[in-house]
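Undergrad: Dropping a structure here in structure tokens format, bear with me for questions.
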Amino acid sequence: MPTGDFIFQVGKYSDQKEWRDGTTTIEGLLARIMAKLELMAETEKEQEEQRRLRQIEREKQEAIERAAAQRKQKEVQDFKALIHAPERFDEATKLRN
């Protein structure tokens, strides 16, 4: 049912703000509404920047972890090759004899 009151809402969930016509009309609250919208926009901008920085840091960390895993894998391969080198040398010596 319409109440005849004008209600202006912004935001979602816990960050939701609402202004209603009452003893002071919405027109009289415009300065406060604009100030709140500017604060909300600034907060959102800061949060977006923090998310972007966290994403960059996460990508750097993942690159470091990938490099470490590749280095470890290469070390394992080199170690296995080192273990098999004497066996190949013995086989080559037997074939020559």
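The values are calculated or read from the model by the stated rules, or taken from the named source; none is laboratory data. Quick caveat: nothing in here was measured; it's all calculated off a predicted structure. Backbone-built Cβ (ideal geometry, glycine too); neighbour counts: all protein chains shown.
Undergrad: Out of all the residues in the stretch 16-42, which are at pLDDT below 90 and either among the small types (Gly, Ala, Ser) or part of a loop (DSSP other than H, G, I, E, B) (or both)?
TA: GLN16, ASP21, GLY22, THR23, THR24, THR25, GLY28
Undergrad: With (1) closer than 30 Å to PHE6 by Cβ; (2) among the aliphatic types (A, V, I, L, M); (3) free of Cβ contacts under 8 Å to residues at least 24 places away in the same chain as the list, and MET40 as the residue in question, which single condition is left unmet?
TA: The failed condition is (3).
Undergrad: Restricting attention to the stretch 50-68, does a residue exist that is assigned to a helix (DSSP H, G or I) and over 20 Å from the mean Cα position of the chain (by Cα)?
TA: Scanning the stretch 50-68 turns up at least one residue that is assigned to a helix (DSSP H, G or I) and over 20 Å from the mean Cα position of the chain (by Cα).
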